Every structure is written in C-alpha cells, then in structure tokens.
1. Do the conditions hold for Ser19, that is, is it among the hydroxyl-bearing types (Ser, Thr, Tyr) and part of a loop (DSSP other than H, G, I, E, B)?
2. Go through the range 47-73 and count every residue that is under 19 Å from Ile10 (Cα atoms), at pLDDT below 95 and surrounded by 20 or more Cβ atoms within 10 Å (Cβ to Cβ).
3. Which of the residues spanning the range 153-182 are surrounded by fewer than 16 Cβ atoms within 10 Å (Cβ to Cβ), outside any loop (DSSP other than H, G, I, E, B) and either touching a strand residue (DSSP E or B) at 6+ places or on another chain (Cβ under 7 Å) or among the aromatic types (Phe, Trp, Tyr) (or both)?
4. Suppose we filter Phe132, Phe98, Phe144 for residues that are touching a residue at least 60 places away in the same chain (Cβ under 8 Å) and over 16 Å from Asp63 (Cβ atoms); which single one remains?
Amino acid sequence: MNNFLRPEDIKTIIKQTDSENNIFKNKKIAISGAFGFIGKYILESFLLINKTKNFNIDIYAIDNFITSNRDLKKFYDQKGINCIDHDINNKIDINVEFDFIICLAGIASPYYYNKYPVETLNVSINGLKNMFDLKHNEETKFIFFSSSEIYGDPPSNQIPTKETFRGNVTSIGPRSCYDESK
C-alpha cells in the first residue's frame, strides 16, 4: 500500500529535520487532510521517528477521502495511527488536548476543485474553523498548509514565490474557489 511513497524521501526528511524532531516527543497531533500527498509523507515521517527514536507521538489522522484512497485508513490503522473518516466541514469532537494541529485539508488539484468547487471553498473556511475548535491550550502549535496555487500566476521574477508576494489571482477565474478561500 505504501507504493505511493519514496522511502529515501522519508529518510531524507527525517535526517534534515533531526535537530527539530524532539519537539514531537510524547505529543498529540491532529492532522486534517492526512491521506493526501503531503499528509502521507508526514504520517510516514512520524511513524519512522516513533519506530527509530521511540518518541511516542500520538497521531490523529482526519480525512474524508474525497480525493484520496479510502484503503489508506485500514493501512494506517494497522500501523497504530488513530484514523478518523470525517469531513472537517462538520464539527469534530475528539476528546484529546492536542499539542500540534496540522491543517493540510484542501482540494488543490484543478481536476478536483473544478469538480467540487463548493467543497473546496468549505474545507478552506469551515474546515479550518473546525480544526481551530479542536481542544488545545495556549502552547498548541497550529500549522496551516496551502499550495503555491494561492499565488495564481506570479511573474517569473517572483518564482520561487516568497510569502510576501501578494499574489496574482482572479476572484472569478476557474481557480478562484481554491485561491480565494485559502
């Protein structure tokens, strides 16, 4: 099932982040959009850290499988991850106080956001709010992801695109449901 990953990439991620990985020791982490492209790499990285360093990271992987493979739930359940089949557009109640909340959920593929434009808007707005509403404390770290798609079509002198670039998007174009909601 993990043929979607390149094991050497996971090892590189762990090696390059080794000095920072201690912040995850004995932590509880919620990840929305956990079974998407980036989410699977994050899950595998945390699993490898748990295995090689015995970090006891408690992972809650949340996804509605609108654009990912539902078979991944069983695959990761068997690896000890708390897999939750849930649409984060709806309030989610997990009786855990999280140390990290990672919001990866979003429909960034043009094929899918054109097929699901309202769902794309909702996950970036309502889903984000519902992730904020998970139990946390003042020390909890909230990490929000989006793709470079949010910048629209930056001019060549803005690639790679810095966070300070204000974007070049249209609010009525075919990509606007993703761009504007993020």
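The values are calculated or read from the model by the stated rules, or taken from the named source; none is laboratory data. For clarity, every value in this text was computed on a predicted model and none was experimentally measured. Counting neighbours? That spans all protein chains shown, and the Cβs are built from the backbone with ideal geometry, glycine included.
1. Numbers: among the hydroxyl-bearing types (Ser, Thr, Tyr): yes; part of a loop (DSSP other than H, G, I, E, B): yes.
Spelling it out, Ser19 is indeed among the hydroxyl-bearing types (Ser, Thr, Tyr) and part of a loop (DSSP other than H, G, I, E, B).
2. The qualifying residues number 2.
3. Hit for the range 153-182 is Asn168, nothing else.
4. Values: Phe132 fails: touching a residue at least 60 places away in the same chain (Cβ under 8 Å); Phe144 fails: touching a residue at least 60 places away in the same chain (Cβ under 8 Å).
The match here is Phe98.
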